[in-house]
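Trainee: Take this structure, written in C-alpha cells, and hold onto it; I'll ask about it next.
The values are calculated or read from the model by the stated rules, or taken from the named source; none is laboratory data. Just so you know, these numbers come straight off a predicted model, no measurement behind them. A quick note on method: Cβ atoms are made from the backbone with ideal geometry, for glycine too, and the neighbour counts reach across all protein chains shown. Ligands, DNA and RNA are excluded from the accessible area calculation, which covers all protein heavy atoms including side chains. Shrake-Rupley method; radii C 1.70, N 1.55, O 1.52, S 1.80 Å.
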Amino acid sequence: MNTQAVHYELVPPHLVIKAMRDSGYKNAAYALAELIDNAVQAGARTVQLLCLETEKMVNGQKRRQVEEIAVLDDGCGMDANVLRMALQFGNGTRLEDRSGIGRFGMGLPNSSISQCQRVDVWSWQHGTDQALHTYLDIALIEKRQQVEVPEPKVTQLPSKWCQMGGHFDRTGTLVVWSRLDRCAWKTARAVIENSELLIGRIYRRFLAEGRVRIRMARFSSPDFQAAVEDRDAQINDPMYTLVPSSCPEPYSETPMFMPHGEKPELTFHVDLPDGSRHPVVVRFAYAREEARTGLNPGSLPHGRHAARNIGVSIVRADRELELCRAFEIGYEPTERWWGVEVEFPPALDDIFGVANNKQSARFFTDAAGIDIERLLKEETKKKTVHELADEWKAAGDPLAHHIPVIHHIKSNLSVIRSTLRDQTKNSRSRRTRHDAPNSAEAIGTAAVRKRKEAGHAGVSDQGEALPESERIQAVEEALLEQGLSREAAHDYAVSTISSDLKYRFVSSHLDSPSFFSVRPQGGILLITLNTSHPAYKHLIELLEDQDGSEQSTNEQDGLDLLDLSEDALRKRAAELNDRLVNTWRGLKLLLAAWARYEDEQPDGARRMSAQDSRTDWGRVARDFLLNE
C-alpha cells in the first residue's frame, strides 16, 4: 500500500493561475489603471506609462509591435515585506483601509497577469542604487517552479528604463510587463491612444487639481534616448465642466456643458449597521445650446468626443469606476449631450457592489434596471419612493439603498432630455422668419394694434414705453430663464423688439400641467409651449416643422406612391404643405388670442381666474390625450 502523503491544496497555484488570468479586465487600459491606483495611493506626483516597441517579422513583413509596458512612479516606494505582499493575490497593506482608492489587494498581480506572462517590480526608498526587485512568472508558476513571491533583492534598474524614465526620484516604483500574450493592442501607439481617453476620465479629478501628472510615452529599440511619442494625459470629463480638457476646440478651454437646474447637485445619505452615515452625491449637466448648433453637431469633433462618454459616471474616492450605460435610451444621438455623476466613498463599497478590479458597481447597475414608476403604480396602496426603499431594506434587499438615487436620476434625465429637445426646436425656430407679413406673430401683432385702437389695454402694453435697450434686456432675461443660450436669447430679443412684434413663441419644459404659459415682458407677450405636455408630442411636433415656406420632403415621399404625373405631384405636395403651414399658423394665432385675453384682464381676481383656467384646461387636455 502506498503510504506516501498526498497534499490536497485548497488553491493549487499552478492550476488557479490560469483561471485568474481571466479576471475580467475589459482591456489593457483598465489593467494599467490598477498600477496607477497603486502609484497614486503611494503619494506619487508623477506617474509614467512607458511603452517599448521593437521591430518584428509579421506575415513576412517588418512591423513594430509593443514588447514591454512599464509604469514608473515617484511614490513612497516599498520595503521588502510590503513588496512581497504587493505581489500576493488578495494580500496588501490596505485591505481594511477605506480612506483611499485602494483596498482589495488584487490590483498589481491580477491586472498584470491579465495582460502578460511576466511582471517584474523594482521599488526603492533610499535611491535607485538600493532598489529591491522581485517578480511573478506564469511559466514558472505553471511548472510549480515558483510557489511563492521571491524574496526581493537589491538589483540594478535596467538601463533602458532609466533612459526612458528620465530623472528618478529618491523613492519610487517601476512595474514592467513582458511577454504580452494577452494584450489586445499590438502596437505601442495603440496602447497609448486607447488608454489616454480612459485614463484621462478615471483620474480627471486628480489631473484637474494637480495632484498627479500622468506621462505617456513610447520608445523604439534599440534607441531609448528620444521618445517617438510623448505627451501628458489630459482631463476627459464626461460632465464637460472641467477645463482644460481633451475635448476638441472650441471646448478644450471652455466648458461644453452647464449644470442642470437650480440644484444641479443633490446629496443622499446611507446609514450603515455600524451607525455611520455616508453621502452619495448626484450631479447633472447638459450641453450648452451653442454646442449643438448646425445641422449635425454630433458629427463635429466635440460631438464625436461626447459620443465616447455616454453614461452615468460612477465615482469612488475621486476615481471613476465606470460609465454606466443602463440609463441610456437605445441608440439616441442626443444621449451624448447630457452628463450625470454619482459619487460615493469606499465605505459604501458593499452597498454599491464594487468589484475588486474597480471596474463596476454592480448593485447600482442592477438597480438602474428597476422600473420604479411601474412598481409604485402597481401598489394597491400608493407609496412614496422612500417608503418603497424602506420596505426593500426591511426585506434585506441589497438594491434598496439605490431606489431613491435611481428615481432621482431618471426623473432629472427626463427633464434634461426635454430641455435638449427644446434646444433643437428653438434652434430650428431661429431659422424661421417670424417677422414675415404672413407669420402668426405679425398677424397677431396687427390684431393687437386694432384692439388697442378700440380701447382695449393690456398689462404688457405698459412695457412698450420703455427704451428699446431696456426692452431687449428684459426679453433676453426672460428667454434665458426658459433655457435658451445667451446668444439665442439675445438674437430672439433683438429681432422681436426691432421688428416691433407683440409675440414670441418658444418651446421649453414647464413644471406645470399647462399646455402653454403666458408672460408679459418688455412690452411683448412671451408664449412658452410646454414640451412636457402630451399635446406637444401629439400636435406641435407634427406642425412646427412646417413653420416656413419650404416643401415638406415627407409629403413628397408619400405622394410618390400615387399614380400621378410629376407636375401633379408637385402641385399636390404644395397644396398639402400649404395646409399644414396654415394649420400651424392658425394654432399659434389661437394661443396668441388667449394670451391677449389674459393680458387684458385687470390685476386681481379676474386675472388669476384666467390663469387658473389656462392651467385647468391644460390638465384636462393632458388627461384626455394620455387616455387615447
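Trainee: Evaluate the distance, in nm, between pseudo-label points positioned 7 Å from the Cα of Val154 and of Val16 along their respective Cα→Cβ axes.
Mentor: Here the answer is 3.5 nm between the modelled labels.
Trainee: Report the extension gain between Leu140 and Glu249 in nm, rounded to one decimal, defined as 0.36 nm multiplied by the number of residues separating them, less their alpha carbon distance.
Mentor: Stretched fully, the Leu140-Glu249 segment lengthens by 34.2 nm.
Trainee: Take the Cβ-Cβ distance between Glu387 and Glu477 as r, set R0 to 51 Å, and report the resulting FRET efficiency rounded to the nearest 0.05.
Mentor: 0.80
Trainee: Starting from 0.36 nm per residue, how many nanometres of slack lie between Glu373 and Arg63 once their C-alpha separation is accounted for?
Mentor: Contour length minus the Cα-Cα distance gives 106.0 nm.
Trainee: Follow-up. Peptides 296-306, 605-615, 479-489: what's the order by average Cβ count within 10 Å, highest mean first?
Mentor: 479-489, 296-306, 605-615
Trainee: Could you pull the accessible area for Asp366 with a 1.4 Å probe, rounded to 10 Å²?
Mentor: 80
Trainee: Please grab the % of Cα pairs in the range 154-263 that end up more than 20 Å from each other.
Mentor: Of the Cα pairs, 55 percent sit more than 20 Å apart.
Trainee: Now, a different point. Can you give the FRET efficiency for Cys162 and Val494, using 1/(1 + (r/R0)^6), R0 = 60 Å, r = Cβ-Cβ distance, to the nearest 0.05?
Mentor: Step by step, r from the Cβ atoms, then E = 0.40.
Trainee: Ranked by accessible surface with a 1.4 Å probe, highest first, in what order do Glu67, Glu53, Glu193 come?
Mentor: Ranking Glu67, Glu53, Glu193 by accessible area, largest first, yields Glu193, Glu67, Glu53.
Trainee: First compute the accessible area of the chain with a 1.4 Å probe, then give the percent of it belonging to carbon and sulfur atoms.
Mentor: 50
Trainee: Mean residue ellipticity at 222 nm from the helices of the chain, using -39,500 (n - 2.57) per DSSP H segment of n ≥ 4 over the full residue count, to the nearest 500 deg cm²/dmol?
Mentor: The per-residue figure over the chain is -11500 deg cm²/dmol.
Trainee: By how many nm would the segment from Leu543 to Arg606 lengthen if fully extended, with 0.36 nm per residue of separation less the alpha-carbon distance?
Mentor: Computed gain between Leu543 and Arg606 is 19.4 nm.
Trainee: Ok, one more. Identify which of the listed values of mean projected area of the Cα convex hull in nm² was calculated from the structure shown: (i) 44.4; (ii) 28.4; (iii) 32.7.
Mentor: It is the value labelled (i).
Trainee: Would you mind computing the Rg to Rh ratio of the range 428-520 from its alpha-carbon coordinates, Kirkwood style for Rh?
Mentor: Dividing the radius of gyration by the Kirkwood radius yields 0.96.
Trainee: To check you understand DSSP bridge types, tell me what percent of the beta bridges within the chain (both residues inside) are antiparallel, rounded to 5.
Mentor: 75
Trainee: To continue, here is another question. What accessible area per residue comes out for the chain, rounded to a whole number of Å², with a 1.4 Å probe?
Mentor: With the other protein chains kept in place, the chain gives 48 Å² per residue.
Trainee: Follow-up. In nanometres, what is the gap between the two model label sites at Glu487 and Asp232, each 7 Å from Cα along Cα-to-Cβ?
Mentor: Between Glu487 and Asp232, the label points sit 3.0 nm apart.
Trainee: Kindly report, to the nearest 10 Å², the accessible surface of Val16 as traced by a 1.4 Å probe over protein heavy atoms only.
Mentor: Approximately 50 Å² of Val16 is accessible to the 1.4 Å probe.
Trainee: Rank by packing, highest mean first: peptides 54-62, 74-82, with packing defined as the count of other Cβ atoms within 10 Å averaged across residues.
Mentor: Result, highest mean Cβ count within 10 Å first: 74-82, 54-62.
Trainee: Set the Förster radius R0 to 45 Å, insert the Cβ-Cβ distance between Asp578 and Ser299 as r into 1/(1 + (r/R0)^6), and round the FRET efficiency to 0.05.
Mentor: Step by step, r from the Cβ atoms, then E = 0.85.
Trainee: If one takes the longest principal axis of the Cα atoms in the chain, at what angle in degrees, from 0 to 90 and to the nearest 10, does the Cα axis of helix 566-599 lie?
Mentor: So the helix axis and the longest Cα principal axis differ by about 80 degrees.
Trainee: Another question, then. If the viscosity is 0.890 mPa s and the temperature 25 °C, what translational diffusion coefficient in µm²/s does Stokes-Einstein give for the range 264-352 when Rh comes from Kirkwood over Cα pairs?
Mentor: 166
Trainee: For labels at Gln462 and Arg170 in the simple 7 Å Cα→Cβ model, what's the distance in nm?
Mentor: Label-label distance for Gln462 and Arg170, simple model: 7.5 nm.
Trainee: To one decimal place, what orientation-averaged projected area in nm² is obtained for the convex hull of the Cα set of the range 120-214?
Mentor: For the range 120-214, the mean projected area of the Cα convex hull comes to 8.1 nm².
Trainee: Considering only the other residues whose Cβ falls under 11 Å of the Cβ of Ile138, what net charge follows from Lys and Arg at +1 and Asp and Glu at -1?
Mentor: So the environment of Ile138 carries a net charge of +3.
Trainee: With the Cα gyration tensor of the range 38-197 in hand, convert its eigenvalues to equivalent ellipsoid semi-axes via √(5λ) and list them largest first in whole Å.
Mentor: 26, 19, 16
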